[in-house]
Every structure is written in structure tokens, then in C-alpha cells.
Amino acid sequence: MKKVLSENIKRVVLTGGPKGGKSSFIPYIKDIMENMGIAVIVVHEAATHRIKGGISPMTVGMLGFQDYVLELQLLDYKHAE
């Protein structure tokens, strides 16, 4: 695997309310950037992933939920390195 210097890494964060088109936009912009020769790694929103898996503030409490979300985010970033 090619080593990439951290100063060469650019991060793009998509924000917005529910149903704003963020998830629909990801494959579109990823395709454009890859066609430009830019390597793209997508890290999905951890809280939504946990909620869809049945872990939510209602099931484990807010602090427990934040712990689960942080755990998933750390795993995602570790795998993206």
C-alpha cells in the first residue's frame, strides 16, 4: 500500500438535516473525484449506523450510546489509515 503523508490528506464533511441529500450525494462526488485521480475513503455516520443496528439512547442511555458511537468511529478511522 502506498504511504500517504498526513498533510496530503483532505477531509470533506457533509452536514445537514434529515433528508437533505447527504447520503445520495456521496456516490456522486466520490465518482467525480475518483475520475480526477483522487483516492476517496468514505466513513459513514456512526450514530445512524448504531441506531439502525438497534443501539440508541433509548436502549442504552445517552452516555452508553455515545460510548458505542465513539467505539465505532475509532474503528472506522483505524481501518481508514
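What percent does the relative contact order of the chain come to when contacts are Cα pairs within less than 8 Å and at least six residues apart?
Numbers: 24 pairs, mean separation 15.3, N = 81.
The normalised contact order for the chain reaches 19 percent.
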(message) Which order do the peptides 41-51, 22-32, 8-18 come out in when sorted by mean C-beta neighbours inside 10 angstrom, highest first?
(response) 41-51, 22-32, 8-18
(request) Could you tally up the Lys pairs in the chain with alpha carbons closer than 25 Å? Skip any pair fewer than 8 positions apart unless they're on separate chains. (result) 16
(request) Note down the nm distance, to one decimal, between modelled labels 7 Å out along Cα→Cβ at Thr48 and at Ile9. (result) 2.2 nm
(message) Can you compute 3J(HN,Hα) from phi for each residue in the stretch 41-47, using the Karplus curve 6.51 cos²θ - 1.76 cosθ + 1.60 with θ = phi - 60°, rounded to whole Hz and x for Gly and Pro?
(response) 10, 9, 10, 6, 5, 5, 5
(request) Give me the angle, in degrees from 0 to 90, between the Cα long axis of helix 22-35 and the longest principal axis of the Cα atoms of the chain, rounded to the nearest 10. (result) 20 degrees
(request) Tell me what the chain gives for mean residue ellipticity at 222 nm when only DSSP H runs of n ≥ 4 count, each as -39,500 (n - 2.57), the sum divided by the residue total, rounded to 500 deg cm²/dmol. (result) -16500 deg cm²/dmol
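Read-outs: derived from the displayed coordinates by stated rules, not from any lab. Predicted, not measured: the structure shown is a model, and the values here were computed from it. Don't worry about glycine lacking a Cβ; one is built from the backbone with ideal geometry, like all the others, and counts go over all protein chains shown.
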